[in-house]
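S.K.: There's a structure below that I have some questions on.
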Amino acid sequence: MNPNHTAAATGPFAAQQPDWPDPDALRSVADELATLPALVAAEECDRLRERLAAVARGEALLLQGGDCAESLAEVGPDTTTAKYRTLTLMAAVISEAAELPVVRLGRIAGQFAKPRSNPTELHEGIELPSYRGDMVNSPAFTAAARTPDPNRLRRVYDASAETLGHLSELTAADGGEFWTSHEALVLEYERALCRTTAAGRYASSGHLLWIGERTRQPDSAHVDFAARVRNPIAVKLGPSSTPDDTLRLIDRLDPDREPGRLTFISRMGAGTVRDTLPDLVAKVAASGAEVAWICDPVHGNTVSSPTGHKTRRLDDVLNEIKGFLEVHRSLGTHPGGFHLELTGDHVTECVGGTYEVRFEDLPNRYETVCDPRLNLGQSLDVAFALAAMYTASPVADRGTTWAAA
Ligand code: PEP
Ligand code: CO
């Protein structure tokens, strides 16, 4: 039985929760997690909130990126270093061009749970629960692999601790700051890792937590959870977002109008961003709230290749970025940064780029367990395109010169 089916009596409805087969086993893992050390410290979350306040004021940019879903089997110094280096290179290129500091934020050390459009998957007459990320089950299409296993929550905690250790070695070596983030999706995990300090209650699973497109209803359990912690919070806003819901999210998540507390991640799709985003940004600006706006140019641009691979075209990614910048520049608001799915490896999951990946190349190194990621070369293509867009005159006056970058 899914314990959330009974949640209506005790609190708001939690969508996208696994159907844990054994609530007692889940409870005992959650009780154990509650006794373990915080993964990140409250003071670090506060410092990130200060950095994001600078983004909201237009004095800095945010670069958030990493895997769609981390894989427990791949956690280790090599994958961490590859993602860290990719984000660091991109941040350096963008910072130089925009003449602004860039806040580096990984989708890392906790990004192990995925929302799904369908709770089950059907193959050759067999129906099994969908893969929901390594925090919940495993991608192989067998009943055993797809059964949600609460022991995975503990494995995710250990893997996240290990990655945080690698990240602190990397930041010690380059002297910079690097922050962690993930989607706050599996509420049993997130609640078990909340810690109360003198400064208030914090989620200790990562520095910034975001709420995804499928769980962002202002009265959802996920928004309720985020409203009760002091961490910086981000919310994805897709094309169906209304100004009314967006303003309600501000009231729920940032009642004190604290710059740096709330970031909106626009993920509209290249074809619609110029139509759907202006009204939201204008109404939020008119409300007086000081939020940061960043652009996720990947989740609204997922397509199927002729080979049946889930992929994204780099041209669409760049087009959505360009639209996002146009909208902010025409309104006089700050295009505060970018959210990308990327890896530091030479995978072939997205198409396009200077070292072009074509549809027929996708099977060569298609390794993601969830959405397609930009490879190292494609990530740097995005960084150089962004550098051109942030240099000198506003993008609207630059015609299409960015496309040649
Ligand atoms: C994601 O970030 O991997 C994701 C599922 O995004 P969204 O909630 O925007 O669809
Ligand atoms: Co994704």
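S.K.: Would you mind calculating the relative contact order of the chain from Cα pairs under 8 angstrom and at least 6 residues apart, reporting the percent as a whole number?
M.R.: Dividing the mean separation by the residue count of the chain yields 19 percent.
S.K.: Another one. Just the number, please: percent antiparallel of the DSSP beta bridges in the chain, rounded to the nearest 5.
M.R.: If we restrict to bridges inside the chain, about 25 percent are antiparallel.
S.K.: Antiparallel DSSP bridges in segment 231-321: what percent, to the nearest 5?
M.R.: On the way: 2 of 11 bridges.
The antiparallel proportion sits near 20 percent.
S.K.: Now a separate question. Name the residues whose placed amide hydrogens come within less than 5 Å of the amide hydrogen of Arg201, ignoring near sequence neighbours (fewer than 5 apart) on the same chain.
M.R.: Here Arg230 satisfy the definition.
S.K.: Just need log10 I(q)/I(0) for the chain at q = 0.08, 0.12 Å⁻¹, Debye formula, equal scatterers on the alpha-carbon atoms, no solvent, rounded to two decimals.
M.R.: For the requested q values the scattering log ratios are -0.39, -0.94.
S.K.: Same structure, new question: Can you pull the percent of Cα pairs in segment 20-129 with separation above 20 Å?
M.R.: 64
S.K.: I'd like the Karplus ³J(HN,Hα) series for segment 27-43: coefficients 6.51, -1.76, 1.60, θ = phi - 60°, whole numbers in Hz, and an x wherever there's a Gly or Pro.
M.R.: Working through the residues one at a time gives 4, 6, 5, 4, 4, 5, 4, 5, 9, 7, x, 4, 6, 10, 8, 4, 5 Hz.
S.K.: In straight Cα distance, which lysines are under 21 Å from Lys310, not counting same-chain residues fewer than 8 positions off?
M.R.: Hits, sequence-local ones excluded: Lys114, Lys236.
S.K.: With every protein chain present, what is the per residue accessible area of the chain (1.4 Å probe, Å²)?
M.R.: 39
S.K.: What distance in nm separates the two pseudo spin-label positions at Thr142 and Asp279, each 7 Å out from Cα along the beta-carbon direction?
M.R.: Each label point lies 7 Å from its Cα, and together they span 5.1 nm.
S.K.: Follow-up question, since we're still on this one. Principal axes first, then extents: for the Cα atoms of segment 247-402, list largest minus smallest coordinate on each axis, whole Å, largest first.
M.R.: Computed over the Cα atoms, the extents are 50, 35, 26 Å.
S.K.: Also, quick follow-up: Would you please put 278-287, 120-129 in order of how densely packed they are, using the mean number of other Cβ atoms within 10 angstrom per residue and starting with the highest?
M.R.: Highest mean packing first, the order is 278-287, 120-129.
S.K.: Picking from Thr263, Thr391, Thr276, which is most flexible by a Gaussian network model of the chain using Cα springs under 10 Å?
M.R.: Thr391
S.K.: Moving on to the next point. Karplus couplings for segment 94-101 from phi (6.51 cos²θ - 1.76 cosθ + 1.60, θ = phi - 60°), rounded to Hz, Gly and Pro as x?
M.R.: Residue by residue, segment 94-101 yields 5, 4, 4, 6, 7, 6, 9, x Hz.
S.K.: Follow-up question, since we're still on this one. What is the distance in Å between the Cα centroid of segment 181-220 and that of segment 285-351?
M.R.: After rounding, the separation between the Cα centres reads 24 Å.
S.K.: Continuing with the same structure: Could you work out how far the C-alpha centroid of segment 125-157 sits from that of segment 52-110, in angstrom?
M.R.: 28
S.K.: Here's another thing I want to ask about it. Just the Cα atoms of segment 69-141, one point each, no solvent: what log10 I(q)/I(0) does Debye give at q = 0.28 Å⁻¹?
M.R.: Listed by q, the Debye log ratios stand at -1.20.
S.K.: List the residues, sorted by chain then number, that are 5 or more residues from Val351 or on another chain and whose placed amide H is less than 5 Å from its amide H.
M.R.: Placed amide hydrogens put Arg312, Arg313, Leu314 under 5 Å from Val351.
S.K.: Given the Cα atoms of segment 137-252, and with Rh set as the inverse mean 1/r over their pairs in the Kirkwood sense, what is Rg to Rh to two decimals?
M.R.: Across segment 137-252, the Cα-based Rg/Rh ratio is 1.02.
S.K.: Moving on to the next point. Taking the chain as a whole, which cysteines find no other cysteine Cβ under 4.7 angstrom from their Cβ?
M.R.: For the chain, the answer is Cys45, Cys194, Cys295, Cys350, because their Cβ atoms have no other cysteine Cβ under 4.7 Å.
S.K.: Report the far tail of the P(r) of segment 135-196, meaning the percent of Cα-Cα pairs longer than 16 Å.
M.R.: 60
S.K.: What residues from segment 83-118 fall in the zone where the backbone N is under 14 Å from a label point 7 Å along the Cα-to-C-beta line of Glu162?
M.R.: 109-110
S.K.: With Rg and the Kirkwood Rh both taken from Cα atoms, where does Rg over Rh land for segment 350-389? Before the final figure, lay out the partial values.
M.R.: Numbers: Rg = 11.1 Å, Rh = 11.0 Å.
Using Cα coordinates only, the ratio equals 1.01.
S.K.: For the pair Ala388/Glu258, report the inter-label distance in nm, with labels modelled 7 Å from Cα in the Cβ direction.
M.R.: Inter-label distance under the simple model: 4.1 nm.
S.K.: Output the direction-averaged projected area (hull surface divided by four) of the convex hull of the alpha-carbon atoms of segment 210-282, in nm².
M.R.: 4.6
S.K.: Then there's this: First select every other residue whose beta carbon is under 11 angstrom from the beta carbon of Arg312; then total the charges, Lys and Arg +1, Asp and Glu -1. Don't jump to the answer; show the numbers that get you there.
M.R.: Details: positive: Lys310, Arg313, Arg373; negative: Asp315, Asp316, Glu320, Glu341, Glu349, Asp371.
The answer is -3.
S.K.: Using a 1.4 Å probe on the protein heavy atoms only, what accessible surface does Glu43 show? Give it in Å² to the nearest 10.
M.R.: Number for this one is 120 Å².
S.K.: On to the next question. Could you look at the chain and say what percent of its accessible area is carbon and sulfur, using a 1.4 Å probe and all protein chains?
M.R.: 51
S.K.: State, to one decimal in nm, how far the label point of Ser240 lies from the label point of Thr307, with both points 7 Å from Cα in the Cβ direction.
M.R.: About 3.2 nm, to one decimal.
S.K.: Then there's this: Kindly write out, for segment 12-21 in residue order, the coupling ³J(HN,Hα) from the Karplus curve 6.51 cos²θ - 1.76 cosθ + 1.60 (θ = phi - 60°), rounded to whole Hz, with x marking Gly and Pro.
M.R.: x, 5, 9, 7, 6, 8, x, 8, 5, x
S.K.: Take segment 278-323, drop everything but the C-alpha atoms, weight them equally and run the Debye formula without solvent; then report log10 I(q)/I(0) at 0.29 Å⁻¹ to two decimals.
M.R.: Calculated log10 I(q)/I(0) at the listed q: -1.01.
S.K.: Quickly estimate the mean residue ellipticity at 222 nm for the chain, helices only: each DSSP H run with n ≥ 4 gives -39500 (n - 2.57), and the total goes over all residues, rounded to 500.
M.R.: -11500 deg cm²/dmol
The values are calculated or read from the model by the stated rules, or taken from the named source; none is laboratory data. None of these values were measured; they are calculated from a predicted model. Methodologically, a virtual Cβ is constructed for each residue, glycine included, from the backbone with ideal geometry; neighbour enumeration extends over all protein chains shown. Remember, those area values only see protein heavy atoms, side chains included, never the ligands or the DNA or RNA. Shrake-Rupley method; radii C 1.70, N 1.55, O 1.52, S 1.80 Å.
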